[in-house]
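For reference, the structure is listed below as structure tokens.
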Amino acid sequence: MTLMIRFHNTLGGSVEPFVPLHPGEVKLYTCGPTVYDFPHIGNWRAYIFEDLLKRFLLFSGLKVIHIMNITDVDDKTIRGANAKGLTLGEYTRPFIEAFYADRDVLNILPADHYPRATEHIPEMVAIVRTLLDKGYAYEKDGSIYFSIAKFPAYGHLSKINLEDLRPGQRGDSDEYDKESVHDFALWKAKKEGEPSWETPIGPGRPGWHIECSAMSSKYLGPTFDIHCGGVDNIFPHHENEIAQSEAANGVKFVNYWLHCHHLVVNGEKMAKSKGNFYTLNDILAKGYDPREVRFLLLSTHYRKMLNFTFETLEQARAGRNRIRDFLVDLKDVKRDGAASPEVAKLVGKAQAEFVSGLEDDLNISEALAALFGLIKAANVLKDKGKISMADAQALTEFVLSVDKKVLAIEPTDVKLIVDSTTIALTSDNVGLKVDASNDLDSDVQKKVEERQKARAEKNFKLADEIRKELLAQGILLEDTKDGVRWKRVQPPRS
Ligand SMILES: [Zn+2]
């Protein structure tokens, strides 16, 4: 089988044909969360890009072995634990649990393994010892540093300016910028107030970068196919991973480096101080479905900056609803007759363009254009009465299969309320019943009923408008199997 897949490789800086080391199998390492806080939507953008990559490799008939690390010891986690007076384990546990929970609601396929840094100290120590033995590393005041002067390929991935190199100068912090390219810490000497391990290279704790070198080679071998992360990781993290791994093992570390661009909010870098910092829960609390968030984060090409706004999230919702409406309408087609060659041709074209788009460095815009182009063309035929039940089935199967295997936005899982008789009014303050005779509440109830009617008539556009109108007033509707509930929430910031 000859693959047609091409990826942009940060190492080399161009789009290259993808050839796995072992035919039919891809070894993939993606840098995982540093569990010092809840992941924000910028983190999820990178994890969803990696999920699209993995799903497309699987869709292409390849086996994927995927490892994602959990960084549960580094400068940030130690700082956080100390500030709260907790042990590292106590401090990181809720963030690890939240990461897995969010991953699942976003329909991200789990990795084969999530190794934790604190459980791989001996593997890190072994690499540091090899680097000391081979002369790539040196000790200073109990800490051990990588000597960048000993590794001539240093800087190839990030294309740093060699004039900025300061070999012999040392830095202890895990993160630093391109203006100070210096010898970095592989192992940090034991310090008061920091967790440490007693090891053959002395008491201390690992630097951040050595963690990924140790965990990737343990599970994937010294050379593997694809390594991913955000563009922020290119320097110094991935540059340092290459230096450590290649110096220790004497072989090429990774064949393809794929990096996802930043996410900004309303054109600005996300920052807690600016009030534009969102976790997944912040967005779900505004009444959005996680699969709408997934669709938004998925639908911009991974090498482009993604500008998150609530308008673009509304567009993602509308796009997902368009797919759902199409599938719902196809269920109503009752015309007998043979499958039409015209529809078969449309489906074939959409399938080919969907695949060729993704083969071209995961060009999701082209893939989605193929899908929405099919929906538009099929709707024209349907309005002319030219769609038979056999055609409807072929169209439905195509849309559901690309969703199931690649997009995973589950457009058919939008709950349809059939029974509009049960309307429970509750407030979010510990489930107290709200007096329905209250003016505001009866207004809300009227709106809820209007929306139920719109949904029963499949007027999803009107139903969504009513939902939005209520949300703007701080009323969040929830469709449950017992009917509609509503609760008061913070209205979305406009
Ligand atoms: Zn990493």
* To do: Round to the nearest 10 and give me the degree value, 0 to 90, for the angle of helix 41-59's Cα axis relative to the longest principal axis of the chain.
  => 80 degrees
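Which net charge results for the neighbourhood of residue 219, defined as the other residues with beta-carbon distances under 9 angstrom from its beta-carbon, given Lys and Arg at +1 and Asp and Glu at -1? Mind dumping the intermediate values first?
On the way: positive: 27, 218; negative: 112.
Here the charged neighbours net out to +1.
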* To do: Under 17 Å Cα to Cα from residue 384, which aspartates and glutamates show up? Leave out anything in the same chain fewer than 8 places away.
  => 329, 332, 336, 342
* With everything on Cα atoms, drop me the angle between helix 439-456 and the longest principal axis of the chain, reported from 0 to 90° to the nearest 10. => 80 degrees
* Structure fact -> Candidate cut points under trypsin sites (Lys or Arg not before Pro) in region 284-345, DSSP loop plus at most 13 other Cβ atoms within 10 Å of their own Cβ, are 304, 334, 335
* **Degrees, to the nearest 10: 121-133 long Cα axis against longest axis of the chain** => 40 degrees
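Looking at the P(r) of the chain, how many percent of alpha-carbon pairs lie beyond 37 Å?
Details: 47205 of 121771 pairs.
Result: 39 percent of Cα pairs exceed 37 Å.
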* Dipole magnitude of region 138-253 about its Cα centre (Cβ charges: Lys, Arg +1; Asp, Glu -1), debye to nearest 20 -> 320 debye
* Could you give the distance between the Cα centres of region 142-217 and region 268-339, to the whole Å? -> 40 Å
* Positive-end extreme of charge dipole, the chain - chosen from 88, 135, 30 (charges on Cβ) -> 30
* Pop a pseudo-label 7 angstrom from the Cα along the beta-carbon direction at both residue 384 and residue 412 and give the gap in nm to one decimal. => 2.7 nm
* **Selection from 113, 352, 206, by position along the positive dipole direction of the chain (Cβ)** => 352
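Which entries of 54/405; 140/191; 376/453; 140/188; 63/405 have Cα-Cα distances beyond 18 Å here? Show your work: numbers first, answer last.
Details: 54/405 10 Å; 140/191 14 Å; 376/453 27 Å; 140/188 10 Å; 63/405 14 Å.
Flagged as over cut-off: 376/453.
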* Read phi for every residue in region 64-70 and hand back ³J(HN,Hα) as whole Hz from Karplus 6.51 cos²θ - 1.76 cosθ + 1.60, θ = phi - 60°, with x for Gly and Pro. => 10, 10, 10, 10, 10, 7, 10
* Find which of 68, 53, 385 sits farthest along the positive direction of the dipole of the chain, computed with +1 on the beta-carbon of Lys and Arg, -1 on that of Asp and Glu, about the Cα centre. => 385
* Taking the Cα centre of the chain as origin and charging only Cβ (+1 Lys, Arg; -1 Asp, Glu), how large is the dipole, in debye to the nearest 20? -> 860 debye
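Laboratory data are not the source of any read-out in this text; all were calculated from the coordinates shown. What you see is a predicted model; the values in this text were computed from it and never measured. Glycine gets a Cβ as well: all are built from the backbone with ideal geometry, and neighbour counts include every protein chain shown.
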